[in-house]
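Asks: Got a structure for you, written out below as structure tokens; questions coming shortly.
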Amino acid sequence: MILISLIQNIAILVAFSVLHQMVLRRREKGTLPYQILSGLLFGGAGVVVMATTFQFAPGIIFDSRSVILSIAGLFGGPAVAAAAAAICGAFRIWLGGPGTWVGIMVIAVSALLGVVFHYLRGKDERYMHTGWLGGFGLLVHIIVLALFLALSGGVGFEVLRRISLPILLLYPAATILVCRIFLDQEERLSAEKALLESEEKYKILAESSQTGIYIHQDDKIIYANNRFAELHGYGVEELLNMNYFDLLDPHDRERAQEIKVQRLSGGDAPQRYEVKRIRKDGKTLWCETVAVRIEYQGKPAIMGNIVDISERKLAEEQRDGFVLKLQEALSEVKTLGELLPICSHCKNIRDDKGYWNRIEAFIQERSGTEFSHSICPECAKKYYPDFKLYDD
């Protein structure tokens with residue numbers, strides 16, 4: 001009978017632990033509303049276990065309130081422990097009987113020991129390891145059992161003889177179990193909070209970025225930042241669920257799709273490549289794309305960012321045109337550097353097609369050199385002696 005009653009109390013404890021986590025899951029721990037509600041829940045659980053208790057004798061009861069209140073102090077701190085202890089204490093006084101004041105001391109000591117370990121945990125998290133938790137539960141219930149010696153008429157010794165072994169075996173184990181439930185929930189909430197903070201930071205960074213950032217999955221755009229939408233001339237909402245490859249120039253789509261397949265299959269896909277993109281208004285722009293494979297909601301996806309390089313591409317085209325002209329000019333200079341057939345009388349030059357050209361026309365055509373015509377002193381004397389063009 002004793003063992004069954006204690007096991008029932010432990011089952012209530014486990015159910016309460018789950019309920020506590022469900023009710024307070026979305027509340028910020030440490031705030032006043034959290035502490036008030038947590039104290040009420042712990043106190044209510046204490047009342048439930050006292051109402052379904054093992055009665056050793058009229059007015060002398062034993063239950064798992066010591067586990068509840070010690071954990072209230074350990075995880076909730078002084079405020080939660082005090083609220084829960086006040087509720088349990090009031091109910092114990094209402095129950096009455098010769099064991100009332102011992103019951104009050106059990107409530108106070110259990111809550112106090114929980115608060116002490118609460119502060120120890122704040123200094124060193126190792127107190128939350130399984131061994132320490134077991135030691136904590138054992139310490140609480142050794143002291144609780146010792147308090148029963150305060151019962152008058154030697155009843156305390158009889159109590160210890162009958163319930164000490166079940167209590168010292170079951171309640172430290174129950175303490176570990178319930179603490180692990182609370183710790184697991186704390187870890188989950190901490191991980192969720194860190195994830196939310198990380199997502200918020202990434203969102204702020206992405207939305208303020210000067211590069212276009214996108215995620216596409218199964219070829220559908222599932223995320224686009226403002227800059228990505230701006231580069232394509234769309235609103236962000238317009239882009240969502242649009243086929244990503246519809247934004248690419250038709251000449252670049254096949255190559256981009258091949259890169260996507262390589263990346264998703266773990267092949268040797270280029271991380272950085274250039275494609276021409278199509279805006280909503282039909283205009284095109286050159287963009288450099290950097291993309292990686294990610295997991296999004298359990299499925300593979302592509303995340304990338306793009307930078308507008310249209311001005312750079314235009315500069316490259318102008319540079320390439322200039323280089324081509326230089327190469328053509330060098331080719332013409334090379335032509336001028338070869339052996340030229342020239343008439344010994346009229347000085348006309350024969351080109352590579354066999355035609356004779358005036359020397360100035362031949363050089364001007366191949367080098368771009370402009371000629372101005374004049375007459376030298378010797379020719380002036382020979383052909384125009386009457387003009388005396390060069391006489392001092």
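Asks: Pick from Arg253, Arg293, Arg279: which is over 29 Å from Leu314 (Cα atoms), touching a helix residue (DSSP H, G or I) at 6+ places or on another chain (Cβ under 7 Å) and at pLDDT 90 or above? Steps first, answer last, please.
Replies: Working: Arg253 fails: over 29 Å from Leu314 (Cα atoms); Arg279 fails: over 29 Å from Leu314 (Cα atoms).
Just one listed residue meets the conditions, Arg293.
Asks: Among the residues of the range 309-338, count how many are in a helix (DSSP H, G or I) and modelled with pLDDT of 70 or more.
Replies: Restricting attention to the range 309-338, the residues satisfying the condition of being in a helix (DSSP H, G or I) are 310-336.
Filter once more, so that each one left must be modelled with pLDDT of 70 or more: 310-328.
The number of residues fulfilling the criteria is 19.
Asks: Are any residues in the range 260-308 outside any strand (DSSP E or B) and under 25 Å from Glu238 (Cβ atoms), and if so, which ones? Write out each step before concluding.
Replies: Let us first name the residues in the range 260-308 that are outside any strand (DSSP E or B), namely 260-271, 279-283, 297-298.
Passing the criteria: Lys260, Arg279, Lys280, Asp281, Gly282, Lys283, Gln297.
Asks: Please verify whether Arg188 is in contact (Cβ under 8 Å) with a residue 24 or more places away in the chain, among the charged types (D, E, K, R) and either part of a helix (DSSP H, G or I) or closer than 28 Å to Val106 by Cα (or both), treating the condition exactly as stated. Before the answer, list the steps.
Replies: On the way: in contact (Cβ under 8 Å) with a residue 24 or more places away in the chain: no; among the charged types (D, E, K, R): yes; either part of a helix (DSSP H, G or I) or closer than 28 Å to Val106 by Cα (or both): yes.
For Arg188, the condition - in contact (Cβ under 8 Å) with a residue 24 or more places away in the chain, among the charged types (D, E, K, R) and either part of a helix (DSSP H, G or I) or closer than 28 Å to Val106 by Cα (or both) - is not met.
Asks: For the range 67-122, enumerate the residues that are within 13 Å of Phe136 (Cβ to Cβ), over 37 Å from the mean Cα position of the chain (by Cα) and modelled with pLDDT under 90.
Replies: Hit for the range 67-122 is Val67, nothing else.
Asks: State whether one or more residues within the range 167-184 are assigned to a helix (DSSP H, G or I) and under 22 Å from the mean Cα position of the chain (by Cα).
Replies: Checked against the condition, which is being assigned to a helix (DSSP H, G or I) and under 22 Å from the mean Cα position of the chain (by Cα), the range 167-184 yields at least one hit.
Asks: What single numbered condition from (1) in a helix (DSSP H, G or I); (2) touching a Leu at 6+ places or on another chain (Cβ under 9 Å) fails to hold for Arg27?
Replies: Among (1) in a helix (DSSP H, G or I); (2) touching a Leu at 6+ places or on another chain (Cβ under 9 Å), the lone unmet condition for Arg27 is (1).
Asks: Looking only at residues in the range 224-237 that are in contact (Cβ under 8 Å) with a residue 24 or more places away in the chain and out of contact with any Cys (no Cβ under 9 Å at 6 or more places or on another chain), which one is nearest to Ser208 (Cα to Cα)?
Replies: The initial filter retains those residues of the range 224-237 that are in contact (Cβ under 8 Å) with a residue 24 or more places away in the chain, namely 228, 231-234.
Checking the rest, the ones that are also out of contact with any Cys (no Cβ under 9 Å at 6 or more places or on another chain) come to 228, 232-234.
Working: Phe228: 11, His232: 17, Gly233: 17, Tyr234: 17 Å.
Going through the qualifying residues, I end up with Phe228.
Asks: Identify the single condition in (1) crowded, with 22+ Cβ neighbours inside 10 Å; (2) of a type in the set (Phe, Trp, Tyr); (3) within 25 Å of Leu149 (Cα to Cα) that Phe91 does not satisfy, given that it satisfies every other one.
Replies: If we test Phe91 against (1) crowded, with 22+ Cβ neighbours inside 10 Å; (2) of a type in the set (Phe, Trp, Tyr); (3) within 25 Å of Leu149 (Cα to Cα), just (1) comes out false.
Asks: Select, from Gly156, Gly44, Gly114, the only residue that is more than 25 Å from Val14 (Cβ to Cβ) and surrounded by 15 or more Cβ atoms within 10 Å (Cβ to Cβ). Walk me through how you get there before you give the answer.
Replies: Working: Gly44 fails: more than 25 Å from Val14 (Cβ to Cβ); Gly114 fails: more than 25 Å from Val14 (Cβ to Cβ).
Step by step, each of Gly156, Gly44, Gly114 is checked, and only Gly156 is more than 25 Å from Val14 (Cβ to Cβ) and surrounded by 15 or more Cβ atoms within 10 Å (Cβ to Cβ).
Asks: For the range 218-233, name all the residues that are at negative phi, more than 22 Å from the chain's Cα centre (by Cα) and surrounded by fewer than 19 Cβ atoms within 10 Å (Cβ to Cβ).
Replies: Hit for the range 218-233 is Glu230, nothing else.
The values are calculated or read from the model by the stated rules, or taken from the named source; none is laboratory data. All of these numbers come straight from a predicted model, not from anything done at the bench. Positions of Cβ are generated from backbone atoms using ideal geometry, with glycine treated the same way; all protein chains shown enter the neighbour counts.
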